[in-house]
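Values quoted throughout were computed directly from the atomic coordinates according to the rules given, and no laboratory measurement underlies them. Only a predicted model underlies this, so the values are computations on that prediction, with no experimental measurement involved. Every residue, glycine among them, receives a Cβ derived from its backbone with ideal geometry; neighbour counts consider all protein chains shown.
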Amino acid sequence: MWRIALELALQRNDRHWFDELNIQFAAKFSSTYEWIPYEANVSRPATKLMPVVEKTSSAAESPSVIELPGRVDADIVKYLEQLNKLSTQFPKMTIDFSRVKSIDIIGAQVILRVLQAYRRSSLRLELRNISPLRPLLRELTNSVAKDEGDAVWMLLLMIHQLMDDQREFEEAAIQYCIAYELSPPSWESRPKNITVMGADVVERPTISEESGSQSVKSSVAIWFADNETEFSGCLADMLKEGKGQAQFTIDCQYIKRIPFSVGSTLLHHVSELKKQNTSVDILNVNPIVEALFKLQGLTSLLGRYTSR
């Protein structure tokens, strides 16, 4: 019920109510509920399909590089829009932080959302020279107001994790706990789809190096649909793109509600793809949509399923 109440506050775009509930939720369960900017995505297409990705050790890859400017603020949105556009053309993207000399709260929020999205997906990302961002973020945590600094702390902690620097992560986690009187995020190892290039980074084999000569086809669809007509397009794309693939992933992070009829059709499509040996994953489902999926028995058919 806590998560449903938080989701209702979120869908009403009531930040005050959401924050009050989230503080109580954190005190009770030692975790927080993520604020999702639903309103920022109202003009997006109903679905964003990522192309089939060939992961093979013999493939010659030419990843596209997005070089961020000296100041990371609201203006970097245009750079990340380019990142989204090019991610449909390249199997691996690179973000280069070499020129970054300063960062503000909005810039930290945008970078955090991008890294969180890649962490949840199977898309490949290389972060180049991200370590110098750490002292900038530490300085920002000292000057930013408490009610505005959560994203700055979360980004700093995530960068420590992505760099496999557990010692720095634990020190920052203690400082976060003291500042906010909340339990910090738990340590998570860097996902295999993200690599970090630069000093003081523990390098691990990339996906292509670990996968041998086997080729695995997969697609990721990020859904933004808000009505039955838009969902119909999402479902049609799902059935079309999923055929012949080993895996098809649907990211529901930006979905508020799903009509019962859409849930029934989704259940049928998942069953059909499963018969064709295509595993379907559904990620980042809010508790309201989750209740529908469980009622319809969808979750038992999925290869992987995560909720918010």
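Put a dot 7 Å past the Cα of SER183, heading toward its Cβ, do the same for ASN84, and the two dots end up 3.4 nm apart.
Between amide H atoms placed 1.01 Å from N, distances below 5 Å from VAL72 occur with LYS101, SER102, ILE103, ASP104, all of them 5 or more places distant or on a separate chain. For the stretch 217-307, the alpha-carbon coordinates run over 30, 25, 20 Å along the three principal axes, in decreasing order.
Ranked by how many other Cβ atoms sit within 10 Å of their own Cβ, fewest first, the residues ILE194, ILE159 fall in the order ILE194, ILE159. Across all Cα atoms of the stretch 72-127, the radius of gyration (one decimal) and Dmax (whole number) stand at 11.3, 30 Å.
For ASP226, the residues 5 or more places off, or on other chains, whose built amide H falls under 5 Å of its own are PHE231.
Residue-wise HN-Hα couplings along the stretch 143-152, as the Karplus relation 6.51 cos²θ - 1.76 cosθ + 1.60 with θ = phi - 60° gives them from phi, are 10, 7, 5, 4, 6, 10, x, 4, 5, 5 Hz; Gly and Pro carry x. The modelled label-to-label distance for the pair ASP75/LEU8, using points 7 Å beyond Cα in the direction of Cβ, is 4.4 nm. Here the stretch 59-211 has an Rg and Dmax of 15.3, 49 Å, counting Cα atoms alone.
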